[in-house]
Amino acid sequence: GENVEQHPSTLSVQEGDSAVIKCTYSDSASNYFPWYKQELGKRPQLIIDIRSNVGEKKDQRIAVTLNKTAKHFSLHITETQPEDSAVYFCAASTGTALIFGKGTTLSVSS
Amino acid sequence: DVKVTQSSRYLVKRTGEKVFLECVQDMDHENMFWYRQDPGLGLRLIYFSYDVKMKEKGDIPEGYSVSREKKERFSLILESASTNQTSMYLCASHPGTNTEKLFFGSGTQLSVL
C-alpha cells in the first residue's frame, strides 16, 4: 500500500521567514495530495490540495508543488505568522483512502 | 456546514472491555473513515467504508472491527480493549464525488487502563 514520508518532524522559524515541509510517496498511482493543519486541541483542517495533473498551486501565503517523477511534494508557507504555528500533515490518495505522513510541528516565534 | 459528530470526547475503559466508538455525519457522505492519532506517528488509517455494509481494512486493522448499518453512522469496535489502544480516535467523511476533502470529527480520547 501507499507509504508517505514527511520531513522535518519539527520546524522552528522566526516570524516573517518562509517554511518548507517536504513529503515523498511510494505509490505511483496516487493522484491527490492534500495538506492538513491541526491546531492544538482541534481537528485537522484542509488548507490546500493538488492533483497529479498540476505541478503547482498557490493560495495567498501557501503554495504546494508536486514532482510526479520524483514522487515528491512540498508545502511552502511565506511570511510566516505566529498563527501558522500548528502540526501540518501531508497525505496521498489513489482515490480510495488518504494515507497521511507523520506530521511536522511548525513553531513560529515573534 | 458539514457536521461529523463523535459520541464521546473522553472515554476511560478497562483492559478486556468491548468498546464502541460512534460517529455520525449529517451530509449524506458516501465515504467514512476511522483514524487513530498518536504523537510522532501521525494519523493512521484503521478502517474505511464506501457504502452501507461495506468496509475495507486500512493500515492497522488488528484488534478493531467496524459496522456501517446506516449511511450516516460508522462505528469502531474494540473487541477486547488493550492498553496499546490508548489513543485519540478521529472519524472523518467525504462525499466521494469530485472531492476527497475530509471532514473530521472532534475526536475521542480513549484511555484503556
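The values are calculated or read from the model by the stated rules, or taken from the named source; none is laboratory data. These numbers come from a predicted model, not from an experiment. All Cβ positions, glycine included, derive from the backbone under ideal geometry; neighbour counts span all protein chains shown. Only protein heavy atoms, including side chains, enter the accessible area calculation; ligands, DNA and RNA are left aside. Shrake-Rupley method; radii C 1.70, N 1.55, O 1.52, S 1.80 Å.
Accessible surface buried by the A/B pair amounts to about 1600 Å², both sides summed, 1.4 Å probe.
Taking the centroid of alpha carbons for each part, segment A:42-110 and segment B:34-111 are 22 Å apart. Taking the accessible area of the protein assembly as shown, probe 1.4 Å, and keeping the other protein chains in place, the carbon and sulfur fraction comes to 48%.
Computed over the alpha carbons of the protein assembly as shown, Rg followed by Dmax gives 17.5, 51 Å. Hey, which of these cross-link pairs are over 31 Å Cα-Cα: A:Lys58/B:Lys57; A:Lys71/B:Lys71; A:Lys71/B:Lys13; A:Lys22/B:Lys101; A:Lys22/B:Lys70; A:Lys102/B:Lys18? In this structure, A:Lys58/B:Lys57; A:Lys71/B:Lys71; A:Lys71/B:Lys13; A:Lys22/B:Lys70 exceed 31 Å between Cα atoms.
Assign one of three labels to chain A, namely rounded, prolate or oblate, based on the Cα gyration tensor with a ≥ b ≥ c the square roots of its eigenvalues; rounded applies when a/c is under 1.5, prolate when it is not and a/b is larger than b/c, and oblate otherwise. In terms of gyration-tensor shape, prolate.
Largest GNM mean-square fluctuation among B:Met32, B:Met88, B:Met54, using chain B with Cα springs under 10 Å: B:Met54. In chain B, the sites counted are trypsin sites (Lys or Arg not before Pro) in DSSP loop states with at most 12 other Cβ atoms within 10 Å, and the longest stretch holding none of them, exclusive of the sites, is B:54-113. The figure for B:Glu17 is an accessible area of roughly 70 square angstrom, using a 1.4 Å probe on the protein chains alone. Building the convex hull from the alpha-carbon atoms of segment B:1-106 and averaging its projection over directions returns 6.6 nm².
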